[in-house]
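All of the numbers you see were taken from the coordinates with simple rules; none came from a lab. Bear in mind that the values here come from a model prediction, so they are computed numbers and not experimental data. Methodologically, a virtual Cβ is constructed for each residue, glycine included, from the backbone with ideal geometry; neighbour enumeration extends over all protein chains shown.
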Amino acid sequence: MVLLPVLGKSQSYHVNPSKIIALGLNYRSHIAESHSVKVSGFTEEVPTEPILFPKTPNVLIGPDEPIVIPSFLLEYGFEDLRTDYEAELAVIIGKKCRNITPDEAFEHVLGYTCFNDVSQRNIQTGDRSGWFRGKSLDTFGPIGPQIVLHEDIGNPQELRIQCRLNGRTVQDSSASQMIFPVDDVIAFISKNFTLMPGDIIATGTPSGVGRIHHGDIVEIEIDKIGVLSNPVVEEWRK
């Protein structure tokens, strides 16, 4: 559970979702870099409906908390150990919804914040069960720095999304480049799973994803929301 301030409110919000649903391949620019990412199921084909995968709530950490790359990864002897940042816009559900239409979607949104869909690529590629484990390791879901209510955001598709690694801009795009916009995504997910208050939807990342290492600082900035900053720690170096 992470405690985040809500812009313009005196009380903070306990981010404690029953589930985190994330989108893969929701930006054409990210699809185009599939050859460099080299992940199973990651192709240049543009999806015809949202590609969903889970992240478990144990991933959540707040601003300035460390992303910890776990020591057990060394046991595999991977020739090229790779863990990546992924800057994303996160939607926090405010009202229970099931099988709603896109026109109804925003009535069920509490607000928005920044999210880092940290991904362990070796496991994501190698697991026969798919992306689940490589996306759900402890600390692999930084979130924050605050929640901005839907009414204060306006159109979420107009938000600029950036990521900086050690001060250098590595991702710079707009939510307008999503293949499936936020309202369509919420409606689609609600047909498959009942969304509960506090649930998080991570809406996908643009191009520019890359590796993180011990000592790095990852910053994700989204218009109207602010900057989410987290250091990186390789557990075996602590």
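Residue under question is Pro231, and the condition is that it be surrounded by fewer than 20 Cβ atoms within 10 Å (Cβ to Cβ), farther than 12 Å from Ile161 by Cβ, in contact with a strand residue (DSSP E or B) (Cβ under 6 Å, 6 or more places away or on another chain) and not aliphatic (A, V, I, L, M); does it hold?
Numbers: surrounded by fewer than 20 Cβ atoms within 10 Å (Cβ to Cβ): yes; farther than 12 Å from Ile161 by Cβ: yes; in contact with a strand residue (DSSP E or B) (Cβ under 6 Å, 6 or more places away or on another chain): yes; not aliphatic (A, V, I, L, M): yes.
Criteria met by Pro231.
Residues in region 122-137: is at least one of a type in the set (Ser, Thr, Tyr), farther than 21 Å from Glu219 by Cα and surrounded by fewer than 21 Cβ atoms within 10 Å (Cβ to Cβ)?
yes
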Surrounded by fewer than 21 Cβ atoms within 10 Å (Cβ to Cβ), in a strand (DSSP E or B), without any contact (Cβ under 8 Å) to a residue 12 or more places away in the chain and not aromatic (Phe, Trp, Tyr) - does that describe any residue in region 156-169? yes
Show the residue pairs meeting these rules: Cβ distance below 8 Å; 6+ apart or different chains; first residue within region 209-238 and in a loop (DSSP other than H, G, I, E, B); second residue surrounded by fewer than 18 Cβ atoms within 10 Å (Cβ to Cβ) and charged (D, E, K, R). Val209/Glu33; His214/Arg237; Asp223/Glu158; Asp223/Arg160; Lys224/Asp152
Kindly establish whether Asp223 is surrounded by fewer than 18 Cβ atoms within 10 Å (Cβ to Cβ), within 19 Å of Pro142 (Cα to Cα) and either out of contact with any Ser or Thr (no Cβ under 6 Å at 6 or more places or on another chain) or among the β-branched types (Val, Ile, Thr) (or both). yes
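If you check Ala90 against the conditions, is it touching a residue at least 24 places away in the same chain (Cβ under 8 Å), surrounded by 15 or more Cβ atoms within 10 Å (Cβ to Cβ) and under 23 Å from Leu3 (Cα atoms)? I'd like the intermediate steps shown before the answer.
Details: touching a residue at least 24 places away in the same chain (Cβ under 8 Å): yes; surrounded by 15 or more Cβ atoms within 10 Å (Cβ to Cβ): yes; under 23 Å from Leu3 (Cα atoms): yes.
So Ala90 passes the test.
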For Val182, indicate whether it is touching a residue at least 12 places away in the same chain (Cβ under 8 Å) and within 23 Å of Asn230 (Cβ to Cβ). no
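Filter region 1-17 down to the residues that are assigned to a loop (DSSP other than H, G, I, E, B) and either in contact with a strand residue (DSSP E or B) (Cβ under 9 Å, 6 or more places away or on another chain) or within 20 Å of Asn58 (Cα to Cα) (or both) and list them by number. Before the answer, list the steps.
Filtering region 1-17 down to residues assigned to a loop (DSSP other than H, G, I, E, B) leaves 1, 7-11, 16-17.
Across region 1-17, the qualifying residues are Met1, Leu7, Gly8, Lys9, Gln11, Asn16, Pro17.
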From the residues in region 202-211 that are among the β-branched types (Val, Ile, Thr) and buried (at least 24 other Cβ atoms within 10 Å of the Cβ), which one is farthest from Arg164 (Cα to Cα)? Thr203
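Residue-by-condition table, conditions (1) within 15 Å of the chain's Cα centre (by Cα); (2) within 30 Å of Gly215 (Cα to Cα):
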| position | (1), (2) |
| --- | --- |
| Phe132 | yes, yes |
| Pro145 | yes, yes |
| Asn155 | no, no |
| Val170 | no, yes |
| Ile179 | no, no |
| Val185 | yes, no |
| Asn192 | no, no |
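Search region 170-200 for residues being part of a strand (DSSP E or B) and of a type in the set (S, T, N, Q), and hand back the single one that is nearest to Cys97 (Cα to Cα). Steps first, answer last, please.
Narrowing region 170-200 to residues part of a strand (DSSP E or B): 170-174, 178, 195, 200.
Those still in the list that are of a type in the set (S, T, N, Q) too: 171, 173-174.
Numbers: Gln171: 32, Ser173: 30, Ser174: 27 Å.
Per the criteria, the residue is Ser174.
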